[in-house]
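Below is one structure, written out as structure tokens; comments come after it.
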Amino acid sequence: MSSPAARPVGADRPVFAIAMMLAAVGLWALHDALAKNLAETYGVAQIMVLRSIVAVVLVAGVLIATSGTAQLRTGRLGLNILRGVLGCVAIGLFTAALPRQPLVSTFAIIAAGPLFITVLSIPLLREPVGLRRWLATLAGFAAVLFMLQPGSDVDPTAGAMLIVSNFFFALTMIMSRIVGRTDSAGTMTLYTLLTFIVVNGAIAPFDWTVPGDGEWWIFLAIGVIAAAALYAMTTAFTVGAPSLVAPFEYTGIAWAGLFGWLFWGEVPSGIVTVGASALVLCGLYLLHRERIANRRTRPVAADVFSHEGPSDGRGRE
């Protein structure tokens, strides 16, 4: 058995991947609760560039302290930049939607992200998806449409922004899986943050508000939290198959409900509660089918890591 030090960059570690995803989701929920307050006063680009500057200093410092300058270099610069740009779009739209509606409503719509990952894994990772998983995915999309109906707490404009954000988020996470074949999670996180700084730094001066003394601390806090969350999520999708890790993003709904209630006294509407519950059930069912498939065939990661695609699609339902 190989030691951890000998493990390839992209080797699968499902339990660790799940733990990293759970940690990442909790951290992102706290980050977004703080960013929701900031987004009522400051532009999205300003929020992203300031928090990314804090985060990139932390990430670079950790990488240098743990492995010297080795992880500061990448052989896939173009793919890392593309991944960063996709992430900019996804997080930018998400941040812009935050002040428009209750936090739990935002997380309820963004919870459809794993559905997009499941669908996009088919053409991009050549991962087979059977009828039952297709039906669960379609049911999840129906739950999103249910939450967009009049009378819910979902703002139509915010809902549309979040659906587009989900698409770009899915592309970003699948890119993590591809780039993770050669680059570490730390390297990918570093280049993502650098891309955020460059892209948003070009936009932020056109909508800049000088932060107050107390709010500088909030920018610092979300930078620290974002660094930890981005690293944990990148790690999760690097060492675990997307279809295995993605359903655990649904735990963010519970965190959003808690933070929304603690910070603003928000209580989700019945429509959002029903729709979010349906999304969670769909995600759990997808996870259940994935576990069954893994017992029948070789692990998911062995398939998606193969340049030739899966050698046997049996049992992938």
Inset, instruction - Provide a single number: the residues in segment 159-179 that are small (G, A, S) and surrounded by fewer than 21 Cβ atoms within 10 Å (Cβ to Cβ). - result: 1
Legend entry - Unmet criterion (only one of (1) at pLDDT below 80; (2) within 17 Å of A185 (Cβ to Cβ); (3) surrounded by 22 or more Cβ atoms within 10 Å (Cβ to Cβ)) for F305: (3)
Legend entry - Unmet criterion (only one of (1) buried (at least 20 other Cβ atoms within 10 Å of the Cβ); (2) within 30 Å of S269 (Cα to Cα)) for T195: (2)
Inset, instruction - Would you confirm whether any residue within segment 119-138 is at pLDDT below 90 and closer than 25 Å to N200 by Cα? - result: no
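Matching residues to (1) basic (K, R); (2) within 28 Å of P247 (Cβ to Cβ); (3) buried (at least 22 other Cβ atoms within 10 Å of the Cβ):
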position: I47; (1), (2), (3): no, no, yes
position: V57; (1), (2), (3): no, no, no
position: V62; (1), (2), (3): no, no, no
position: L77; (1), (2), (3): no, no, no
position: C88; (1), (2), (3): no, yes, yes
position: A96; (1), (2), (3): no, yes, no
position: F107; (1), (2), (3): no, yes, yes
position: L115; (1), (2), (3): no, yes, yes
position: P123; (1), (2), (3): no, yes, no
Inset, instruction - Hey, can you tell me all the residues within segment 242-256 that are over 12 Å from M21 (Cα atoms), of a type in the set (G, A, S) and crowded, with 23+ Cβ neighbours inside 10 Å? - result: S243, A256
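Kindly indicate whether L63 is in a helix (DSSP H, G or I) and modelled with pLDDT under 90.
Spelling it out, L63 is indeed in a helix (DSSP H, G or I) and modelled with pLDDT under 90.
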Inset, instruction - Any chance you could count how many residues in segment 63-83 are under 16 Å from M233 (Cβ atoms) and out of contact with any Phe, Trp or Tyr (no Cβ under 6 Å at 6 or more places or on another chain)? - result: 1
Inset, instruction - Please go through segment 198-214 and pick out each residue that is assigned to a helix (DSSP H, G or I) and surrounded by fewer than 16 Cβ atoms within 10 Å (Cβ to Cβ). - result: V198, A202, P205, F206, D207, D213, G214
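The values are calculated or read from the model by the stated rules, or taken from the named source; none is laboratory data. None of the values given here were measured: they were computed from a predicted structure. Reconstructed Cβ throughout: ideal geometry from the backbone, glycine too, with neighbour counts over all protein chains shown.
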